[in-house]
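Enquirer: One structure is given below, represented as structure tokens, and several questions about it will come after.
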Amino acid sequence: KKAGKDHKGYVANIVETIDEKGSIITSYDYDVNTHSDSSFCKETIEKLGEQEKEITIIADGAYSSIENIELAEKNNIELITTALIGKLPDEIQSEFKLDEVTHEIIKCPKGEKPYKTRYYEKTGLYRASFNKKTCEHCPLREKCGAKLQKKSAYVLITAKTIQRASYLKKMSTEKYSVLQKIRNGVEGIPSILRRKYHVDVIPVRGLVRSKIWFSFKIGAINAKKVLKMAAEMAASLYKNIEIKFILTKTGKIQAELLLVA
């Protein structure tokens, strides 16, 4: 089972490296169809290891998890996904301030300090209690998750929820909106594999044999990409060449090739 549903066959994870010159598939994984996207993402980050210069991985929302984001950060990798899986917190919850040493909520998004914090170690849940008057007419109450009681108000929140809210807040900025649009282009590879290379109908059986068969398809895509880049480079070089004819002392016409910058 995968995501609570029965699946048969195999699943592939493809890593495509992109820069201003073009793109090429630099690695892929292939496994039985019970292997989760989040696991593929974790394995890809571990294979890449710590980077000297920060790199960015843009992936589908199914690849996201706070654990993968933290693992990526440790390796100087920025993981950007189209969405987080599971129930989404409100961005305002990112502004809760925690002390994870003393297990206290220092202040809420409005800057108010709770008069009492209780921490449940087994679940990682914080329960912060506020004066009812503090929360009753607060404009952020509907977003921060505060619940009113007879004499007080309380908030239930975890460090993971705050992390998820912080990630959502970051993803809503203009810079990350542009990067998320790039991810839409990644969908082109699965589409090509299905339409042109018919990977949904593999003529061999078994994990090893079908993986070898799949690798030939990846190789074919890369070969086309390399040939296309070579053709574009040749065309660009040809445009920058000038042929100049000069008359030599002997009276013969000589051609000179000049490369125009």
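Enquirer: From the list Lys113, Lys169, Lys160, pick out the single residue that is over 31 Å from the mean Cα position of the chain (by Cα) and either within 30 Å of Tyr30 (Cα to Cα) or among the charged types (D, E, K, R) (or both).
Expert: The conditions single out Lys113.
Enquirer: Here is a follow-up. Select from the stretch 100-111 the residues that are at pLDDT 90 or above and surrounded by fewer than 17 Cβ atoms within 10 Å (Cβ to Cβ) and list them in ascending order.
Expert: Thr102, His103, Ile106, Lys107, Lys110, Gly111
Enquirer: Among Ala165, Ala153, which is the only one that is under 17 Å from Ile92 (Cα atoms) and small (Gly, Ala, Ser)?
Expert: None of the others qualify; the one that does is Ala165.
Enquirer: Then there's this: Residues Lys217, Lys228: which one is assigned to a helix (DSSP H, G or I) and touching a residue at least 40 places away in the same chain (Cβ under 8 Å)?
Expert: Lys228
Enquirer: Out of (1) in contact with a Cys (Cβ under 7 Å, 6 or more places away or on another chain); (2) among the basic types (Lys, Arg); (3) at pLDDT below 90, what's the single condition that is false for Lys181?
Expert: Only one criterion in (1) in contact with a Cys (Cβ under 7 Å, 6 or more places away or on another chain); (2) among the basic types (Lys, Arg); (3) at pLDDT below 90 is unmet by Lys181, namely (1).
Enquirer: Please determine, by comparing only the residues of the stretch 43-64 that are surrounded by 15 or more Cβ atoms within 10 Å (Cβ to Cβ), within 22 Å of Ala165 (Cβ to Cβ) and not hydroxyl-bearing (Ser, Thr, Tyr), which one is modelled with the highest pLDDT.
Expert: Ile57
Enquirer: Any idea which of (1) hydrophobic (A, V, I, L, M, F, W, C); (2) surrounded by fewer than 16 Cβ atoms within 10 Å (Cβ to Cβ); (3) assigned to a strand (DSSP E or B) is the one Ala153 doesn't satisfy?
Expert: (2)
The values are calculated or read from the model by the stated rules, or taken from the named source; none is laboratory data. Since the model is a prediction, treat every value here as computed from it, not as a measurement. Cβ: placed from backbone, ideal geometry, glycine included. Neighbour counts: every protein chain shown.
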